[in-house]
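First up is the structure itself, then whatever we jot down about it.
The values are calculated or read from the model by the stated rules, or taken from the named source; none is laboratory data. In this text the structure is predicted, and so the values were computed from the model without any measurement. Using ideal geometry, Cβ is built from the backbone for each residue, glycine included, and neighbour counts are taken over all protein chains shown. To get the accessible areas, we keep the full protein, side chains included, count just its heavy atoms, and leave off ligands, DNA and RNA. Shrake-Rupley method; radii C 1.70, N 1.55, O 1.52, S 1.80 Å.
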Amino acid sequence: PPMSTELLSGRALHERVIEDGLLSATSHAWIATADLKDMHVKRGRRFTPILEELDHLAGQGVTFRVVHGALPSKSFRETLETYPRLTGGSLELQICPRSHWKIMIVDHRLAYCGSANFTGAGLGARSERRRNLEIGVVSTDPDWITQLSELFDTFWIGEHCPECRLRERCPDPIR
């Protein structure tokens with residue numbers, strides 16, 4: 001497919017980021033979000049929990065890195081515990097109280113950067129009248145994806161940690 005960069009909102013944002021992006025991952029997906037919930041996605045005629053879909057992808061060898069601004073909700077953690085492939089190493093989770101990014105990189109072939117959190121109202125399968133008003137850029141441009149990936153990677157390895165002024169609030173500083 002030709003290289004593209006699109007500014008999207010509403011249902012089109014969900015379709016490109018979740019359906020065309022995350023749910024078609026074959027290698028890895030990196031996600032950074034300030035809010036993380038067990039949203040549902042449409043699969044055929046039914047709606048399934050995103051963690052069920054990620055577990056299915058993990059069974060095919062896909063790995064996940066997730067940066068989140070706080071410990072996910074109790075209900076999210078309880079649901080996550082029911083998927084041993086994810087908790088057994090396919091999904092790595094880092095908590096950073098400074099994380100407010102909303103990005104996703106899938107297989108280094110598609111990237112998203114925008115306003116939507118990883119929630120039903122942000123990127124899930126909610127109806128247009130219940131969905132947050134979100135906007136984002138989705139691109140298959142290799143240079144743009146590389147730049148976003150490098151930013152994510154420096155965050156993931158904790159380059160910001162030694163000088164962080166919120167270190168005392170961090171549950172697990174990387175450095």
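A few points about this structure:
- Selection within segment 5-34 - open to solvent by less than 20 Å² (accessible area, probe 1.4 Å) and either farther than 27 Å from LEU71 by Cα or in a strand (DSSP E or B) (or both): GLY10, ALA29, ILE31, ALA32, THR33
- Within segment 104-121, the residues that satisfy the criterion of being in contact (Cβ under 8 Å) with a residue 24 or more places away in the chain and either under 11 Å from ILE145 (Cα atoms) or of a type in the set (Ser, Thr, Tyr) (or both) are MET104, ILE105, VAL106, ASP107, HIS108, ARG109, LEU110, ALA111, TYR112, CYS113, THR119.
Residue-wise test of (1) modelled with pLDDT of 90 or more; (2) out of contact with any Lys or Arg (no Cβ under 8 Å at 6 or more places or on another chain).
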site	(1), (2)
LEU80	yes, yes
ARG130	no, yes
VAL137	yes, yes
ILE145	yes, no
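- Some residue of segment 108-131 being among the acidic types (Asp, Glu) and crowded, with 16+ Cβ neighbours inside 10 Å: no
- Output for segment 94-107, where each listed residue is open to solvent by 70 Å² or more (accessible area, probe 1.4 Å) and of a type in the set (A, V, I, L, M, F, W, C): TRP101
- Selected residue (criterion: least open to solvent (accessible area, probe 1.4 Å)) from residues of segment 132-158 that are out of contact with any helix residue (DSSP H, G or I) (no Cβ under 9 Å at 6 or more places or on another chain) and of a type in the set (Asp, Glu): ASP141
- Residue match in segment 64-84 (condition: in contact with an Asp or Glu (Cβ under 9 Å, 6 or more places away or on another chain), within 24 Å of ASP143 (Cα to Cα), in contact (Cβ under 8 Å) with a residue 24 or more places away in the chain and not in a strand (DSSP E or B)): no
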